[in-house]
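Below: one structure, written as C-alpha cells.
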Amino acid sequence: MMSVLKEFDIPFVGLKIGKHDFLYTIEPTFFSHFGFTDFQNVKINAKVTLDKKPSFLELHFAIEGNGQLQCDVSMEWYNQKISTTYDLVVKFGSAQEKDSDEIVILSEGTYQINIAHYLYESIVLSLPIKRIHPGVEDGSLQNEILEKLKALEPKEEKLNGQHDPRWNKLKDLL
C-alpha cells in the first residue's frame, strides 16, 4: 500500500529553512487504498505548505474539491463540496513520546514524512455526518423512496376537528 502512496512522501531533509508548497490531486484510487468506498466520483486538490524550522516542521493542509456521495434518505447520488484545512506540527524525538492529533513525533534521523493518511483523515472528517441530497431539503427531488416516506409520515391527530391541545407543550420545545 505505501509504495502506491509514495507520491505523498515529502523528503524534508534537503529542503532549506522556510516555506515549501506541494500540490496533490486526489482521485478515487487514493481512497481505495484506505478501504473508503463512499465516493463515486471524486476530484480533490490539496495544497500542503511545509514550513521548515530549525528544530521542527509545520504542515498546513488546504483541501478543496468535489465528490459524489449517496444520500442517506433517498439513496440518490449527489455532488458534495469538500473544503477543509488542517495544521500539523512535526517534532523529532524518541519512540517513547506519544503523538497527538496536532503533533507528530518522528524519530531522529527520519528524512521524510508520508502525508497520505493525514490527507485522508482530513477529507473524510470534513464530510457531513448525515448526507442529505439538496433536492430532499428543498423538495425538488422526486423518487420512489421519498414517496414511500411521505406516505408513511405520521398524520397530525385531531380531537373533535380541533388540534389536540396536549401536543402544544411539545411544540414549545422546538
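The values are calculated or read from the model by the stated rules, or taken from the named source; none is laboratory data. Not measured: the values here are computed from a predicted model. Using ideal geometry, Cβ is built from the backbone for each residue, glycine included, and neighbour counts are taken over all protein chains shown.
Selection within segment 77-91: residues that are surrounded by fewer than 18 Cβ atoms within 10 Å (Cβ to Cβ) and closer than 23 Å to L5 by Cα. The member of this set that is modelled with the lowest pLDDT is K91. In this structure, does V104 turn out to be in contact (Cβ under 8 Å) with a residue 24 or more places away in the chain, closer than 22 Å to V124 by Cα and either touching a Lys or Arg at 6+ places or on another chain (Cβ under 6 Å) or surrounded by 15 or more Cβ atoms within 10 Å (Cβ to Cβ) (or both)? So V104 does not fit the description; no. Looking only at segment 15-51, count how many residues are basic (K, R) and assigned to a loop (DSSP other than H, G, I, E, B). Residues flagged as basic (K, R) and assigned to a loop (DSSP other than H, G, I, E, B) within segment 15-51 amount to 1. Could you list, in sequence order, the residues of segment 52-80 that are more than 20 Å from F22 (Cα to Cα) and either among the aliphatic types (A, V, I, L, M) or in contact with a Gly (Cβ under 8 Å, 6 or more places away or on another chain) (or both)? Hits for segment 52-80 are L69, V73, S74, M75, E76, Y78, N79, Q80.
For segment 8-23, the tally of residues that are under 16 Å from I115 (Cα atoms) and loosely packed, with under 13 Cβ neighbours inside 10 Å stands at 4. Determine if segment 101-116 includes at least one residue that is modelled with pLDDT of 90 or more, part of a loop (DSSP other than H, G, I, E, B), farther than 30 Å from L152 by Cα and within 21 Å of the chain's Cα centre (by Cα). Yes, because at least one residue in segment 101-116 is modelled with pLDDT of 90 or more, part of a loop (DSSP other than H, G, I, E, B), farther than 30 Å from L152 by Cα and within 21 Å of the chain's Cα centre (by Cα). The sole residue among F22, F12, F92, F61 that is touching a residue at least 24 places away in the same chain (Cβ under 8 Å), under 30 Å from K130 (Cβ atoms) and not charged (D, E, K, R) is F61. When S74, S94 are checked against the criterion of being surrounded by fewer than 12 Cβ atoms within 10 Å (Cβ to Cβ) and out of contact with any strand residue (DSSP E or B) (no Cβ under 6 Å at 6 or more places or on another chain), a single residue qualifies: S94.
In segment 137-174, of all residues being surrounded by 10 or more Cβ atoms within 10 Å (Cβ to Cβ) and assigned to a strand (DSSP E or B), the one that is modelled with the lowest pLDDT corresponds to L159.
Which residues, counting only those in segment 52-87, are part of a loop (DSSP other than H, G, I, E, B), under 23 Å from P28 (Cβ atoms) and not charged (D, E, K, R)?
The first filter runs over segment 52-87 and keeps only residues part of a loop (DSSP other than H, G, I, E, B), leaving 53-55, 71-76.
So of that shortlist, the ones also under 23 Å from P28 (Cβ atoms) come out as 71-72, 74-76.
Within segment 52-87, C71, S74, M75 qualify.
Does any residue of segment 109-126 turn out to be farther than 23 Å from Y86 by Cβ, free of Cβ contacts under 8 Å to residues at least 40 places away in the same chain and surrounded by fewer than 12 Cβ atoms within 10 Å (Cβ to Cβ)? Yes, because at least one residue in segment 109-126 is farther than 23 Å from Y86 by Cβ, free of Cβ contacts under 8 Å to residues at least 40 places away in the same chain and surrounded by fewer than 12 Cβ atoms within 10 Å (Cβ to Cβ).
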